[in-house]
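Reviewing the structure listed below.
The values are calculated or read from the model by the stated rules, or taken from the named source; none is laboratory data. The model shown is predicted, which means the values in this text are computed figures rather than measured ones. Don't worry about glycine lacking a Cβ; one is built from the backbone with ideal geometry, like all the others, and counts go over all protein chains shown. Surface accessibility is based on the protein's heavy atoms, side chains included, excluding ligands, DNA and RNA. Shrake-Rupley method; radii C 1.70, N 1.55, O 1.52, S 1.80 Å.
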Amino acid sequence: MIKKVMRPFWSYDVQKTEKWLSSMAENGYLLVKINRVTRCFFFLQAEPKKLTYRIGYDKMQGESLSRGLLAEGWTKVLRTGHWFVTSNEKPMEQIKTSSVREGIIKHNRIIMYIFGGIVGYFSIAAMFFLSIFGMIFFSSDSQVEVEDSPYWIFTYLYFGAVIAIFVLALYSVIKIHRTNKNLIKEKTARDDLHNGFQTEGKPSKAEEKQLKRSGQLIVKRKLGWMYAPDKLEYWLEEMEEQGYYLYRVSKTGTVFHFLIGRPRKVSYCADYQNIADESYFDIHREAGWKSVFKSLGSLQKWSIWSREYSEGEERPQIYSDKTNQLKHARKIAIAYSCLFLPLIIAYLLNLGIGFDLVIHNKVDKMRIITLIIMVIAILSFGSYTIRTWLYYYRLKKRYDYDL
């Protein structure tokens, strides 16, 4: 007997789907097929079994599993497109080797960026529309008339479809972000267990307060450092030379905690990656760099790396080639320009409409507040864009001078 179950968002949370498949096996339903178009799972009724399922995504995966996976007791259940499912009769706690998650994380990121672009586009369009509507609606001189028309149904259907797409895209971004975060945590935990690594216990908040009161811990704030990362690197290295050891960075990346210790030579690198997967972090860790900070965002991934070196030793750098460093700085400037320029243009258009109304003596309190907010936004976004390009030209000038 074949049982069909629809699971529309199964690929957004593979860990939850794996647990669900295991529970189905315990109830006597074994997975035999997945239809990716209809999002349906097909099960064959059989004897109840305790199985551990593992979902993977790999474009290069063949029909057979590797020797390591076979030796660990994994068997391939099915393959559909680039997705594949394996099962094991052992519980996950007893399994040392399993299929990697990197393919799922990369695949999910692509989907998340697509939906993120949709959310961003609709958000900017909504801001633009609401700002114009607000200026007209709250104006004391404006008169709004609504005409009855049989075609209003199409307007309602259009806005209903836009809202539905926006909600779906927002849900997808949040769901995939959480899933990838859990998959990365799972990989890190298994790697630490495999390597026998034990994390050092961090002081509690009460202990941190005590260190602050005794003067052994100081807190510094740096806002907007990502628009001039070279200045942040120079500042952190100067703090280390004065005997301030960077203890931790807040989740937002703006609050830096230092412990007073011995002066030392430490090289810092603030690195930006449009798409940063776990292999990126593994490569730098293997090269001797320590991860100090990782940003919470997925679309713009900032990380701060540190590496101690001896007096007289050449300062280590993540990007030793000057050409690569300039390309990296230009990538930062272009990324933030693409992010902020559309917002600046939208606000300038709104500002032009607002000033036109002011010229015609159609001024009220709400309109003045709106215009002031738009001017502040334009100046802020414009300064961020300019600072990133100044960072690029500082590096270019420095390297041209060295040559």
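Which condition from (1) closer than 17 Å to Arg7 by Cα; (2) surrounded by fewer than 12 Cβ atoms within 10 Å (Cβ to Cβ); (3) not aromatic (Phe, Trp, Tyr) is the one that Lys33 breaks?
Of (1) closer than 17 Å to Arg7 by Cα; (2) surrounded by fewer than 12 Cβ atoms within 10 Å (Cβ to Cβ); (3) not aromatic (Phe, Trp, Tyr), only one is false for Lys33: (2).
Going through segment 27-68 one residue at a time, which ones are more than 22 Å from Gly81 (Cβ to Cβ) and touching a Pro at 6+ places or on another chain (Cβ under 8 Å)?
Matches in segment 27-68: Asn27, Gly28, Lys50, Thr52.
Name the residue that is most open to solvent (accessible area, probe 1.4 Å), counting only residues in segment 1-30 that are hydrophobic (A, V, I, L, M, F, W, C) and under 30 Å from the mean Cα position of the chain (by Cα).
Among them, the one singled out is Met6.
Take the residues in segment 143-162 that are aliphatic (A, V, I, L, M) and farther than 15 Å from Gly117 by Cα, then tell me which one is modelled with the lowest pLDDT.
Val144
Does segment 102-131 hold any residues that are over 30 Å from Met374 (Cα atoms) and either at pLDDT below 80 or of a type outside the set (Lys, Arg) (or both), and which are they?
If the condition is that a residue be over 30 Å from Met374 (Cα atoms) and either at pLDDT below 80 or of a type outside the set (Lys, Arg) (or both), then Glu102, Gly103, Ile104, Ile105, His107, Asn108, Ile110, Ile111 are the ones that fit.
Could you check, for segment 376-394, whether at least one of its residues is over 27 Å from the mean Cα position of the chain (by Cα), open to solvent by 20 Å² or more (accessible area, probe 1.4 Å), within 30 Å of Leu246 (Cα to Cα) and modelled with pLDDT of 85 or more?
The answer is yes; a qualifying residue exists.
Keeping to segment 204-220, report how many residues are open to solvent by less than 60 Å² (accessible area, probe 1.4 Å) and either over 30 Å from the mean Cα position of the chain (by Cα) or not polar (S, T, N, Q) (or both).
Count: 6.
From (1) within 28 Å of Glu102 (Cα to Cα); (2) modelled with pLDDT under 85; (3) charged (D, E, K, R); (4) surrounded by fewer than 13 Cβ atoms within 10 Å (Cβ to Cβ), pick out the condition that doesn't hold for Lys187.
Tallying (1) within 28 Å of Glu102 (Cα to Cα); (2) modelled with pLDDT under 85; (3) charged (D, E, K, R); (4) surrounded by fewer than 13 Cβ atoms within 10 Å (Cβ to Cβ), Lys187 fails exactly one: (4).
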